[in-house]
1. Kindly express, to the nearest 10 degrees and within the range 0 to 90, the angle between helix 145-169's C-alpha long axis and the longest C-alpha principal axis of the chain.
2. Using a 10 Å cut-off around each Cβ, can you sort 214, 138 from fewest to most neighbouring Cβ atoms?
3. Which order results if 54, 177, 435 are arranged by neighbouring Cβ count within 10 Å, fewest first?
4. Cα axis of helix 87-105 to longest principal axis of the chain: angle in degrees, 0 to 90, nearest 10?
5. I'm spelling it out carefully: the read-out is Cα extents along the principal axes in Å, the candidates are (1) 69, 52, 41; (2) 70, 46, 41; (3) 57, 42, 38, and one was derived from this structure. Which label?
6. How far is helix 315-335 tilted off the main Cα axis of the chain, in degrees rounded to 10, range 0 to 90?
7. Taking every pair of Cα atoms in segment 1-131, average 1/r, invert it to obtain the Kirkwood radius, and report Rg/Rh to two decimals.
8. Considering only C-alpha atoms, what is the centroid distance from segment 138-198 to segment 244-312, in Å?
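Laboratory data are not the source of any read-out in this text; all were calculated from the coordinates shown. Everything quoted here is computed from the prediction, not taken from an experiment. Cβ placement follows ideal geometry from the backbone for every residue including glycine, while neighbour counts extend to all protein chains displayed.
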């Protein structure tokens, strides 16, 4: 019996191992969320300190864009690494990389070095998601995998909330506030010690790795291999693209990923400025911060709700419903005039449920459509490939807003990408609710 099929009332040691794996992956992803939102919160302070108080906003856009690109590259690289070297080792290495580089960035004295360290930290942050998600998916019971993986994904939103809290606790620390914020990001390095002591490798991956290594040994010795055995020792992405069924699924999932990520970027990154304009207050005012906080709280609840619904009604219809909700709530948020802070906060909260909460599908559904030997490569490709679009959007955000006639118009136009999700959610692949992972 593989780890992914161990029942909830199975051996205590197996359940304890599953809990340890989940806790480590959850903490790693939560701290990823902290790192991501910390840079959003302190980016302006960094630029003002290292470049100058009158520096162009392009510097801040550059920090965000560089981090998104590095995240995508780290994620794509980690997918290959975890298929070859396992989930546990890559999880430890990625957390150590982004924690150390974030801590070092707190001490830099020039913008160029800060940017270089953000590239390395972003690479590590992107590399952390794949091994943690694969490890949890492969060790969770089939009947409740949706809830388990959704609970894992909600950690990212918790990290957003934690970063917001720490940011406010550091009020009064002066112009070095951003340095203390980043120094707190070095704490995850301690998590590696916990992972090394408690986390076990996925049995599904170990079994697949043994088959791959044995087949590679036979190939080196000159034995004749069957077509399936030849595929087993191919580079994982090449193997996926050579299989018509897997290739078709991957391309459809990439369309869904683009819809989710581009739509989320159009909403989430522009909410602070849009809300500030609607309320006619400064972007850092308490009312604006409350509305942004409501968005992140909604996202955490949306992630959790995704898991419950995915296990009850299925992956495909739940995903379709989230795209429908995201489309409607984006049109409502940016298309109507809101008479009060309370009404605006409420609609932003519900918007977060659908636009941020829907990200849970990327760690659940793709993992259930591909076998273990290529699972890491496929889920990280789906999750990260479209981040290059988001990075370009972050870099060109000012031009996009100006070209489309303001934040509201830009968000309405770009947020309409959720229509693609409505089309592709039901044709991306078969329903996988309650089924064992393909081995």
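1. The answer is roughly 30 degrees.
2. In increasing order of surrounding Cβ atoms, one gets 214, 138.
3. Ordered by Cβ neighbours within 10 Å, fewest first: 54, 435, 177.
4. 30 degrees
5. Answer by label: (2).
6. Its long axis makes an angle of about 10 degrees.
7. Ratio of gyration radius to Kirkwood radius for segment 1-131: 1.11.
8. 18 Å
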